[in-house]
């Protein structure tokens, strides 16, 4: 595997995982980075860095961030954003992978990007559901603030240090898996 492919996979993991926090924030950051030449994207995804693309993503980002601060609307958004984050993770991975075969690129992007996004989105949805159940939604704004910070910081750090962020994200997934399996064994 060459350096270009390793970097593209690392970028795909980091940016896709961050779509699990917020769907539109990582797409907006990726579009801005592509506009300034900091993020190499396939030609067919140039629309992400166009004026119309950045404007649309900017409005969608603002609405999404604000909506997560409304109790119970945030839980509804989790149901809507789960498939959207998988789609956004797949899309952002496909925009980065330098694979000529379209079927291989989209299948790989679905597994890599959609899978990363699904894991993060599932975890945040479960946390929000637990917060709503224990605090009646009163503490959900804290969770939303943390997710917003993660949705902004993760793609920025991924663009700056793609391989390091991919390793951190994969280690986090692995540690979460280990924790869950230990708890299941103890309760069984």
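Data overview
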{"read-out": "Unique residue being part of a helix (DSSP H, G or I) and loosely packed, with under 14 Cβ neighbours inside 10 Å when the list is 34, 30, 52, 17", "value": "52"}
{"read-out": "Residue within region 69-86 that is free of Cβ contacts under 8 Å to residues at least 40 places away in the same chain, surrounded by 14 or more Cβ atoms within 10 Å (Cβ to Cβ) and within 15 Å of residue 147 (Cα to Cα) present", "value": "yes"}
{"read-out": "Test: residue in region 12-28 that is in contact with a helix residue (DSSP H, G or I) (Cβ under 7 Å, 6 or more places away or on another chain) and over 17 Å from residue 155 (Cα atoms)", "value": "no"}
{"read-out": "Boolean, residue 146 is surrounded by 12 or more Cβ atoms within 10 Å (Cβ to Cβ) and on the phi > 0 side of the Ramachandran plot", "value": "no"}
{"read-out": "Options 128, 178: the member that is free of Cβ contacts under 8 Å to residues at least 40 places away in the same chain, part of a helix (DSSP H, G or I) and more than 23 Å from residue 30 (Cα to Cα)", "value": "178"}
{"read-out": "Residues located in region 156-170, provided they are more than 10 Å from residue 15 (Cα to Cα) and assigned to a helix (DSSP H, G or I)", "value": "160, 163, 164, 167, 168, 169, 170"}
{"read-out": "Search result, residues across region 62-76 that are touching a helix residue (DSSP H, G or I) at 6+ places or on another chain (Cβ under 8 Å), farther than 12 Å from residue 143 by Cβ and either outside any loop (DSSP other than H, G, I, E, B) or modelled with pLDDT of 90 or more (or both)", "value": "64, 65, 67, 73"}
{"read-out": "Only listed residue being touching a residue at least 24 places away in the same chain (Cβ under 8 Å) and crowded, with 19+ Cβ neighbours inside 10 Å, chosen from 58, 89", "value": "89"}
{"read-out": "Residue check, residue 157 over 13 Å from residue 17 (Cβ atoms), at pLDDT 90 or above and surrounded by 15 or more Cβ atoms within 10 Å (Cβ to Cβ)", "value": "no"}
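The values are calculated or read from the model by the stated rules, or taken from the named source; none is laboratory data. It should be emphasised that the depicted structure is a prediction, and the values quoted were computed from it without experimental measurement. Heads up, the Cβs are rebuilt from the backbone with ideal geometry, glycines too, and the neighbour counts pull from every protein chain shown.
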